[in-house]
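The values are calculated or read from the model by the stated rules, or taken from the named source; none is laboratory data. Keep in mind that what you see is a predicted model, and the values were worked out from it rather than measured. Note that each Cβ is placed from the backbone with ideal geometry, even for glycine, and that neighbours are counted across all protein chains shown.
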Amino acid sequence: MNFKLDRDLIFFDIESTGTDVVKDRIIQIALIKYYKDGSDPIEKNILMNPQYPIKPDAIKVHGITVDMVRNKPTFKEFAVELLDFFDDADLGGYNSKRFDIPMLIEEFARVGIDFSVQNRRLIDAQQIFYKMEPRTLKAALKFYCGQNLENAHDAMSDTKATAQVFWGQIEKYKGVNYIDKDNQIIEAPIKNDIQAIHDFISNDNNVDFTGRFSRNSEGYIVFNFGSNKGQEAYKNPNTLKWILNKDFPAQVKNIAKAILDGKMK
C-alpha cells in the first residue's frame, strides 16, 4: 500500500470490556502507523488490565478473558507511550468515530490527558463502505480485496484488514462519482487524498462524536437530544451545568464547559 500522505496516518482498533464508551475500558489496542516519508509502517499490539469487569457478551466477541489481562499493565502505564506514538498523526479505523476514538478520549481523560482530535483528519473506512457498499468488515475485505477475514475481532487482524480495505476502496472508486440523497453529483470523492476523503465522510453539523451537540443553520451550537433539542446551547447554562455533573463523554463535557466559559458558541 502506498498511501499519499502529507501527515503520518495511524490505523487502530480497540477491544474493550463492553460497548459503553464512557463506562467501559480498553483491554487491547492495536495500531499501525504509516509514515508520510514512506518509511516502513510500525505496528503496536497492546493488552492491558482494564481494572474493570469484562462483560460476558464482550468476551464472546473478542475472546479476551480476565485471566489473560490480570497481570498486564494498565492504560495509565501505557498513556505516555501511546500519546507519543499518536503524536499529531491523522487517525483511521473501522467504526472509529462512533466507538474507538471516543473510548480513547475517555481513557486519556481518566489519567488527566486531553487527547485532542481537533487538528487531525479522521478516516473511518466503515463510513466510506456504508456510503458506497453497505456491508460488514468481513464482507468489505472480501469485496475490495478478494480475501477472507481470519481471526475476526482480534484487534490486530481487524486493524490490518481495515487498512487493506481502505486501500481497496481507493483503488476501486478511482473516477467513480457519488450521487447524494438530494440527487447532487459529487465528482470522484474517493481518491488517494486524505483531506478529500475526510471531507467526503465528515458530518460538519455534529460538534462531538456522539452527536449530543450539533450546529444549526446559523452556525450556533445546539442541543441534539432531550427536551432542549434544537435550542442554542449558550442560552441554556443550567443544562450545560447539568451535563458537567452527569455521565456524559469527556468530549461532550469539554464542549459544555467551553460554551459556559464563552470560548465556544
- Note on the structure: Just one listed residue, out of GLY211, GLY262, is over 30 Å from LYS172 (Cα atoms) and surrounded by fewer than 14 Cβ atoms within 10 Å (Cβ to Cβ), and it is GLY262
- Residues of region 161-184 being part of a helix (DSSP H, G or I) and surrounded by fewer than 19 Cβ atoms within 10 Å (Cβ to Cβ), in sequence order, are TRP167, GLU171, LYS172
- Item | When residues of region 103-152 are limited to those that are in a loop (DSSP other than H, G, I, E, B) and hydrophobic (A, V, I, L, M, F, W, C), the one surrounded by the most Cβ atoms within 10 Å (Cβ to Cβ) | LEU149
- Lone qualifier among ILE42, ILE54 - being at pLDDT 95 or above, surrounded by 17 or more Cβ atoms within 10 Å (Cβ to Cβ), of a type in the set (A, V, I, L, M, F, W, C) and outside the structural domain of LYS253 (by TED's automatic domain parsing): ILE54
- Query: List pairs: first in region 114-136 and without any contact (Cβ under 8 Å) to a residue 60 or more places away in the chain, second of a type in the set (Asp, Glu) and in a loop (DSSP other than H, G, I, E, B), Cβ under 9 Å, 6+ apart or cross-chain?
  - Reply: ASN119/ASP88; ARG120/ASP88
- Message: Going through TYR173, TYR94 one at a time, which residue ends up being of a type in the set (Phe, Trp, Tyr) and free of Cβ contacts under 8 Å to residues at least 60 places away in the same chain?
- Response: TYR173
- Item | Condition broken by ASN254, with the remaining ones in (1) touching a residue at least 60 places away in the same chain (Cβ under 8 Å); (2) touching a Phe, Trp or Tyr at 6+ places or on another chain (Cβ under 6 Å); (3) not in a loop (DSSP other than H, G, I, E, B) satisfied | (2)
- Message: Could you list, ordered by first residue, the pairs with Cβ atoms under 6 Å in which the first is in region 236-250 and assigned to a helix (DSSP H, G or I) and the second is modelled with pLDDT under 95, at least 6 apart or interchain?
- Response: THR239/ASN228
- May I ask you to verify whether ASP24 is within 16 Å of THR159 (Cβ to Cβ), among the charged types (D, E, K, R) and either touching a strand residue (DSSP E or B) at 6+ places or on another chain (Cβ under 6 Å) or buried (at least 19 other Cβ atoms within 10 Å of the Cβ) (or both)? no
- Query: Do you know which residues across region 17-27 are at pLDDT 95 or above and either within 14 Å of the chain's Cα centre (by Cα) or aromatic (Phe, Trp, Tyr) (or both)?
  - Reply: ILE26
